[in-house]
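J.: Okay, here's the structure, questions in a sec.
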Amino acid sequence: NKGNYEHYMQKEIHEQPESLTTTMRGRLIRGGTCKAKTVLLGGLKDHLKTIRRSRRIVFIGCGTSYNAALAARPILEELSGIPVTMEIASDLLDRQGPIYREDTAVFVSQSGETADTLNALEYALQNGALCVGITNTVGSAIARHTHCGVHINAGAEIGVASTKAYTSQIVVMAMLALAIGGDAISNQARREAIIDCLFDLPNKVREVLKLDQEMKDLAKLLIAEQSLLMFGRGYNYATALEGSLKVKEVALMHSEGILAGEMKHGPLALVDESLPIVVIATHDACFSKQQSVIQQLHARKGRLIVMCSRGDAAAVSLGGACRVIEVPQVEDCLQPVVNIVPLQLLAYHLTVLRGYNVDQPRNLAKSVTTE
Ligand code: UD1
Ligand code: F6R
């Protein structure tokens, strides 16, 4: 049921304040006098000790689910102190990459039925790793075959392009980082700031959804382009990959997410006065580096669209030379949840304006059950 919306993708983008609320329901403890704020993930509580003892945490997934894990990687590293590595499921299998008994392997999948991810799970089980699932589908193959896990509870996702599952996955993995990090005094202030931010996150997403018309106007400008680059770094490298995946898969426009730190190692050669480039430059520890990237792209006459935190427009627009998308600022590790929303809207409007099928993109299936 699409309700008042024309497409499932549109509905699923706009219902993210609600899906995020459901994802967190019962899992955030506000604390009280003398009691710490904390998270409770029922499916993991008996396994946290084992996870904390593991030598490495390996995230495994495909497509959008992989991107969500990439967005959560920095906070998991920070709070757990355990090395976190990333694997695209098919590539792990192609290489028969090493997985050990001392590893915790985390399988991220909306459908819970993706063949590559499921095969990687069988492989990790054979190698004796503790296998944890992050899935949206209760009773799915990945939910059943993992030792333990967390349901993201985002509600059924119908549009082939994953939107609300992505933001709920990031939130669950941030909660996973908090749970594994435990109650070390050293990062108590950080932990509480993240928990406070989680409580308010649905409101921030509601705010950023107000950019709908602005993103439609931007889509009108970009409708006939051949290609669109997206530059991100740090927490928002994943945002660049995921934003460009959305544009590619539904709007059928070439789009590439680029790690801004790699700019001079090749991508800079593409920059000219016609190619549109989205630069994600919301305020975090990488901000000044992103400002310098913006200056260097501008010096090569790049056509820039800069996403920045509200209030930073003057600091990134180079005297009005760049188009600016201002978003509400949240805790750095949760900023990817806010930042992806305008890009989802952009991909949606580009698709409709270009006359393509939003919910059933050419050649794609919702659940990829063959290799
Ligand atoms: C569970 C109930 C929820 C109830 C809540 C009350 C289910 C599915 N969930 O939620 O309805 O409101 O208790 O306390 O009945 N699991 C995996 N792999 C996965 C995902 C989950 O093994 O990929 C396992 C978990 O380890 C857990 C079970 O499935 O044993 C349910 O997980 P989850 O729904 O996340 O647990 P709760 O949030 O506690
Ligand atoms: C992109 C998309 C795909 C899926 C990928 C993994 O919008 O939907 O990239 O994310 O096929 O699917 P799940 O998460 O079901 O394992």
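J.: Per-residue ellipticity at 222 nm for the chain, helices alone: DSSP H runs ≥ 4 residues times -39500 (n - 2.57), over residue total, nearest 500 deg cm²/dmol? Can you show the working numbers first?
T.: On the way: 14 runs with 166 residues, N = 371.
Computed ellipticity for the chain at 222 nm equals -14000 deg cm²/dmol.
J.: I'd like the Kirkwood hydrodynamic radius of region 179-279, using the inverse of the mean 1/r over distinct C-alpha pairs, in Å. Display every interim value, and only then the final one.
T.: Values: mean 1/r = 0.0615 Å⁻¹.
About 16.3 Å for region 179-279.
J.: Under unit Cβ charges (Lys, Arg +1; Asp, Glu -1), what dipole magnitude, rounded to 20 debye, does region 1-116 have relative to its Cα centre? Please report the intermediate quantities before stating the final value.
T.: Numbers: 16 positive and 14 negative charges, 172 e Å.
The calculation lands at about 820 debye.
J.: Name the shape class, rounded, prolate or oblate, that the alpha-carbon gyration tensor gives for region 114-245, where a ≥ b ≥ c are the square roots of its eigenvalues, rounded holds for a/c under 1.5, and otherwise prolate holds if a/b is larger than b/c and oblate otherwise. Present the calculation step by step, with values, prior to reporting the outcome.
T.: Details: a/c = 2.02, a/b = 1.31, b/c = 1.54.
Because a/c hits 1.5 or more and a/b fails to exceed b/c, region 114-245 counts as oblate.
J.: Tally up the carbon and sulfur contribution to the accessible surface of region 53-155 as a whole percent, 1.4 Å probe, everything protein left in place.
T.: Values: 1770 of 3750 Å².
That fraction is 47 percent.
J.: Calculate, for the chain, the solvent-accessible area per residue in square angstrom, rolling a 1.4 angstrom probe over the heavy atoms of the protein chains.
T.: Per-residue accessible area for the chain comes out at 41 Å².
J.: Once neighbouring chains are kept in place and the probe is 1.4 Å, which whole percent of the accessible area of region 307-354 is contributed by carbon and sulfur?
T.: Details: 580 of 1300 Å².
Looking at region 307-354 in its full context, I get 45 percent from C and S.
J.: Once you have the Cα-Cα distance between T50 and E371, take 0.36 nm times their residue separation minus that, and quote the gain in nm to one decimal. Intermediate values should be presented prior to the final figure.
T.: Details: separation 321, 0.36 × 321 = 115.56 nm, distance 3.17 nm.
Gain on stretching T50 to E371: 112.4 nm.
J.: Another question about this same structure. What residue among K246, K204, K220 has the largest mean-square fluctuation in a Gaussian network model of the chain, using Cα springs under 10 Å?
T.: Highest fluctuation among the options: K220.
J.: Dipole magnitude of the chain about its Cα centre, charges +1 at Lys/Arg Cβ and -1 at Asp/Glu Cβ only, in debye to the nearest 20? Mind showing how you got there, number by number?
T.: Numbers: 38 positive and 38 negative charges, 111 e Å.
The calculation lands at about 540 debye.
J.: Counting pairs of Cα atoms in the chain, how many percent are more than 36 Å apart?
T.: So the pairs more than 36 Å apart make up 19 percent of the total in the chain.
The values are calculated or read from the model by the stated rules, or taken from the named source; none is laboratory data. All of these numbers come straight from a predicted model, not from anything done at the bench. Every residue, glycine as well, gets a Cβ built from its backbone with ideal geometry; the counts of neighbours run over all protein chains shown. Side chains included, ligands, DNA and RNA excluded: accessible areas come from the protein's heavy atoms. Shrake-Rupley method; radii C 1.70, N 1.55, O 1.52, S 1.80 Å.
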